[in-house]
1. Could you work out how far the C-alpha centroid of segment 234-249 sits from that of segment 268-294, in angstrom?
2. Show me 230-238, 281-289 ranked by packing, highest mean number of other Cβ atoms within 10 Å first.
3. With labels modelled as points extended 7 Å from the Cα through the Cβ direction, what inter-label distance (nm, one decimal) is found for residue 202 paired with residue 262?
4. Run the simple label-point estimate for residue 171 and residue 274 please: 7 Å along Cα→C-beta, distance reported in nm.
5. Report the calculated FRET efficiency for residue 102 and residue 228 (r = Cβ-Cβ distance, R0 = 30 Å), to the nearest 0.05.
6. Order the peptides 141-148, 191-198 from the highest to the lowest mean number of other Cβ atoms within 10 Å of their residues.
7. Sorted by average packing, counted as other Cβ atoms within 10 angstrom per residue and highest first, what order do 269-276, 117-124, 131-138 take?
8. Quick one: if you stick a label point 7 Å off each Cα along the C-beta vector at residue 249 and residue 93, how many nm between them?
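Values in this text are rule-based calculations from the coordinates and carry no lab data. Quick caveat: nothing in here was measured; it's all calculated off a predicted structure. All Cβ positions, even for glycine, are placed from backbone atoms using ideal geometry, and neighbour counts span all protein chains on display.
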């Protein structure tokens, strides 16, 4: 039994109402649990502040003021304004240099030994060496360090080991600003440590000693961390990093033709895996979106059917006997088939 067009319109209207209800429910913002205020409107607990006992406050404040005056700081130990770092123009320029070489050699293992020998002769360091493959497909990766003033000499000698230099990159990064900031931070931390030591010597109660010792330990930890970062930066500035990739000469390269079937095969294999992963992601997304797609498809079909019914009804009101091409003509009353 066919549905009448009025029933179809009613069903379509109900479907649209449901869709609007679902969309409005999903678009309603919900407050995040982490952003809600504490019960009773109480704010988050304030950060701890160091305070000494009342009966020692006057003497400690006088000591802090005198220490602040001697060191040139305003406000003494706690809450004082740190001295401004020296201008970068007064500090020698600090540059971090790195280089990368891609070399083609006759024998990768022999080239590795020669590169190690050159590095040690220049008082450099060997951070990492990795050799992979066998025969003509052997490759090697080296991470070396040489004194910054010997970088150009090292690169020249490294390139003499190769029969061909595929790529050569040299980068320089100015880290003077970072150097100045780290030195200023270390200076302030050490001054703070010394001032806490002075206060500790003048403290008498157990509570004062424990509180100041806790603060002193925190400052010492910050000093160790900042000093380690600064020493790492100083080492990187003094010793330039050189990354070297060695590829062994193949039969094709000997004739001036670069032919790398194994490398191309691996690249193609990685590309195929990436394409398969993309296809799988697309299929999963399609399957998850399939109910919505089907809902839209049903909605469009219902709209088309309703439109056909409404237009047909209107045309039949003005043109008696109108019918769509796919509709069969109704037999006239009283006429029977032969």
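1. 41
2. Output ranking for 230-238, 281-289: 230-238, 281-289.
3. According to this spin-label approximation, the distance is 7.4 nm.
4. A separation of 2.1 nm, rounded to one decimal place.
5. 0.35
6. Listed from highest to lowest mean packing, they are 141-148, 191-198.
7. 117-124, 131-138, 269-276
8. Once both label points are built, they end up 4.0 nm from each other.
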